[in-house]
Each structure stands twice: as structure tokens, then as C-alpha cells.
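First the structure, in the form of C-alpha cells, and then the observations on it.
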Amino acid sequence: MSAIRSRTARIALVATLIGTLALTACAPRSGSDDLGLTPTPTPTESAPSTPAPASTCTNTEGQVQPSYSPISPDSVPAGSSIEAIKNNGVLRVGVSADTLLMGARNPLTGQIEGFDIDVLHEISRAIFGDPNKLQFKVITSAQRLDVLTPDAAGNTQVDIVARTMTINCARWETIAFSTEYYEAGQKVLVASNSEAKSMDDLNALGDQKVCAPASTTTLTRLESYSGIEAVSAATHTECLVLFQQGKVDAITGDDTILAGFAAQDPYAMVVGDAISAEPYGLGMPADKVDLVRFVNGVLDRMRNDGTWTSLYNKWLGVLGPAPAPPAAVYGRG
């Protein structure tokens with residue numbers, strides 16, 4: 001590999017990552033938290049048996065797709081999915097526990113925190129009047145659709161997935177999405193002494209191994225580069241471990257995720273312009289349209305009352321000044 005780094009420092013960084021992964025897997029159960037302790041079957045992005053949303057998706061991949069028009073988050077309609085969640089006492093959410101800045105476990109407090117998590121706190125606040133009525137289920141990128149897939153009895157493992165998930169046509173055919181709540185872009189992370197300053201540079205060098213999580217649009221996009229060997233891993237953090245062990249030359253992913261990695265590894269840097277637009281949406285079961293409308297109402301309020309900008313500055317200020325919140329696009333159903 002082209003990266004030549006301090007062996008001692010690299011081992012220390014890998015040990016830290018392994019320790020973080022162990023904490024994620026072994027943290028004690030507390031209250032309403034599932035914390036990923038429930039065994040999960042081998043992940044696949046299989047389609048659920050429920051019908052696809054009413055409107056088809058015809059735009060090109062990477063463009064923002066329309067969602068369902070919002071309803072006011074100030075009231076819970078009788079007989080709705082939101083009322084059922086309220087009666088259940090918790091909002092069940094699928095999240096990451098190792099995506100720094102977006103959804104990661106704080107090793108000091110044991111709590112999962114980040115931009116994605118705070119968005120969920122706002123939805124909990126709107127439903128229950130309490131931001132902390134969340135039951136976390138830690139999932140990988142490849143499990144995001146599975147946990148929203150109804151079982152034989154029509155039940156899903158979670159109500160909402162907030163895990164840096166790009167809105168695209170293929171996923172709209174199996175689940176429902178909120179409006180876009182964050183616009184990310186796919187970039188690449190390399191060693192600080194790498195000759196490559198972009199994805200195209202890696203491709204030109206040839207025989208470069210680039211890691212991305214399985215079952216993601218990020219991994220699929222690598223297929224268009226003939227000089228790059230795509231290496232899949234279960235999570236972005238496992239990609240970081242492979243990178244620090246010298247088993248891959250680079251990691252590709254959304255800028256939000258790579259910014260967190262660069263903060264953890266002083267021998268790494270994020271380079272190049274974004275090679276894609278990655279509009280993040282909150283995933284929900286395809287048949288829970290009323291829940292999508294309610295969530296869209298919460299997101300609208302966050303855009304308008306400054307909450308979105310406050311959360312951006314809190315978690316993502318490292319990426320620069322807060323942009324305007326992503327505009328909501330409606331027109332489905």
C-alpha cells in the first residue's frame with residue numbers, strides 16, 4: 001500500500017476502533033434501548049411484501065424524489081400509526097452506533113448521539129412531548145431496508161430508520177421516505193501522504209483497493225472505475241479498520257461520515273469534489289403514509305424555526321458554515 005504511517009500510532013488507532021466496536025456490542029441494556037443486542041439475520045436489501053408507494057419514481061438516481069405532503073405535528077390523528085406509536089410508549093428507531101457526528105456511541109456516557117439522533121429526538125418530542133422516548137436498534141447499512149420489512153404478521157422491527165440513507169428510486173419501491181433532511185456528497189478518504197487527490201486519481205493509479213459498506217449506493221458507484229477494486233465491509237467503521245491496517249488504500253462514503261474518520265485518524269484526509277449528490281431521508285414502512293406525513297410536518301417545523309440550523313452547527317460545523325436546510329419536495333400520493 002502507498003500509505004506509510006507510524007506503526008505504533010496505527011496500532012493504537014486500530015485498538016481504539018476495536019475497543020469502540022466492543023463497547024457498541026457489549027454496552028449494558030438500559031431502559032428502552034435495544035442497543036443492537038438482538039441477533040440479526042444476515043443482511044440483505046430484500047423487498048418487502050407490502051405494495052410499493054402509490055407514485056412511481058422516474059427521476060434519475062441521486063436526485064431528490066418527492067415525498068408525501070405534511071400534516072401538522074401539533075396533533076395526533078385518532079386511529080393513526082402515530083397514535084399506535086404513542087400508545088406503545090416509545091418510537092422504535094434503527095440507527096448507527098459508529099458513524100461519528102451522525103450516529104455514534106459516546107464512549108464516556110454510553111449514549112448514542114449525533115445529527116441523525118437529534119432529528120429523532122425532535123420527532124419523539126412531537127409525538128410524546130418528550131424527546132427521549134426512543135428505543136434504539138443498532139443496524140448496519142445493509143439492514144436498513146430489512147428492519148422496515150413487514151413480517152408474516154405485518155409487523156416491522158422499527159418505526160423509522162435514521163442512518164445516513166440516500167433517497168433513491170430503488171428504495172422508494174420498497175419503503176417510504178420523508179423529505180430530504182440533509183444533502184451529503186460522496187467523497188474519498190486517503191492517507192495524508194497519498195498521491196491521489198480525488199477518485200479519478202485513484203482510478204488512474206490503478207490497482208487501488210477502496211472500501212465501502214455492503215448494499216450501499218456508495219459501493220455500487222465504484223463499479224464504474226476500472227482501476228479500482230471495490231472492497232465491501234459491514235460498516236464504515238470496519239472500512240476504517242481495514243484502512244488503518246493497510247489492507248485498503250482508501251475509503252469512499254458521504255462527506256459527513258468521512259469527516260468523522262478524518263477527525264479520528266491524523267494520517268488521513270478527505271480529498272476531491274463530491275462525485276454524487278446523496279439526499280438523506282428518514283425511512284419508514286411503505287404502508288405508513290400517515291407517519292411519513294407527520295414526520296414531514298416535524299421536518300418542516302425544524303427548517304422554519306431554526307432547529308435544523310442549530311443541529312447542523314452542533315454536529316457538522318466542521319464541514320463549514322451551515323447551508324440553508326434542504327428544501328422539501330412534495331407531490332407523492
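The values are calculated or read from the model by the stated rules, or taken from the named source; none is laboratory data. Note that the structure is predicted; figures quoted are calculated from it, not measured. Here the Cβ is made from the backbone with ideal geometry for all residues, glycine too, and neighbour counts use every protein chain on show. These accessible areas exclude ligands, DNA and RNA; they are computed on the full protein's heavy atoms, side chains included. Shrake-Rupley method; radii C 1.70, N 1.55, O 1.52, S 1.80 Å.
Side notes on the structure shown:
- Pairs, first modelled with pLDDT of 90 or more and of a type in the set (Gly, Ala, Ser) in the stretch 317-333, second outside any loop (DSSP other than H, G, I, E, B) and open to solvent by 80 Å² or more (accessible area, probe 1.4 Å), C-beta under 8 Å, six or more apart: 322/313
- Screening the candidates 84, 170 for the property of being in contact with a Ser or Thr (Cβ under 9 Å, 6 or more places away or on another chain) and either aliphatic (A, V, I, L, M) or closer than 23 Å to residue 328 by Cβ (or both) yields one hit, 170.
- Pair list, Cβ under 8 Å, 6 or more apart: the stretch 249-273 residue touching a residue at least 24 places away in the same chain (Cβ under 8 Å) and open to solvent by 10 Å² or more (accessible area, probe 1.4 Å), other residue assigned to a loop (DSSP other than H, G, I, E, B) and charged (D, E, K, R): 267/5; 271/197; 272/197
- Some residue of the stretch 180-194 being assigned to a strand (DSSP E or B), within 17 Å of the chain's Cα centre (by Cα) and of a type in the set (Asp, Glu): yes
- Residue in the stretch 175-184 that is modelled with pLDDT under 95, under 18 Å from residue 262 (Cα atoms) and in contact with a Phe, Trp or Tyr (Cβ under 8 Å, 6 or more places away or on another chain) present: yes
- Residue match in the stretch 44-63 (condition: outside the structural domain of residue 258 (by the TED database), under 23 Å from residue 180 (Cβ atoms), open to solvent by 30 Å² or more (accessible area, probe 1.4 Å) and modelled with pLDDT of 95 or more): no
- Of the listed requirements (1) over 27 Å from residue 111 (Cβ atoms); (2) surrounded by fewer than 24 Cβ atoms within 10 Å (Cβ to Cβ); (3) aliphatic (A, V, I, L, M), residue 167 misses just one: (2).
- Members of the stretch 104-151 found to be closer than 21 Å to residue 237 by Cα and of a type in the set (Lys, Arg), listed by number: 105, 137, 144
- When restricted to residues that are under 19 Å from residue 261 (Cα atoms), at pLDDT 90 or above, in a helix (DSSP H, G or I) and open to solvent by 10 Å² or more (accessible area, probe 1.4 Å), the stretch 217-244 contains 4.
- Answer residue from the stretch 274-316, given it is in contact with a helix residue (DSSP H, G or I) (Cβ under 7 Å, 6 or more places away or on another chain) and open to solvent by 50 Å² or more (accessible area, probe 1.4 Å) and is nearest to residue 217 (Cα to Cα) among those: 275
- Yes/no for residue 125 being of a type in the set (D, E, K, R) and surrounded by fewer than 23 Cβ atoms within 10 Å (Cβ to Cβ): yes
- Single residue of the stretch 81-105 satisfying the filter (at pLDDT 95 or above, of a type in the set (S, T, N, Q) and open to solvent by less than 50 Å² (accessible area, probe 1.4 Å)) that is farthest from residue 304 (Cα to Cα): 96
- Each residue in the stretch 106-120 was checked for being farther than 20 Å from residue 176 by Cα and either crowded, with 24+ Cβ neighbours inside 10 Å or free of Cβ contacts under 8 Å to residues at least 60 places away in the same chain (or both), and 7 pass.
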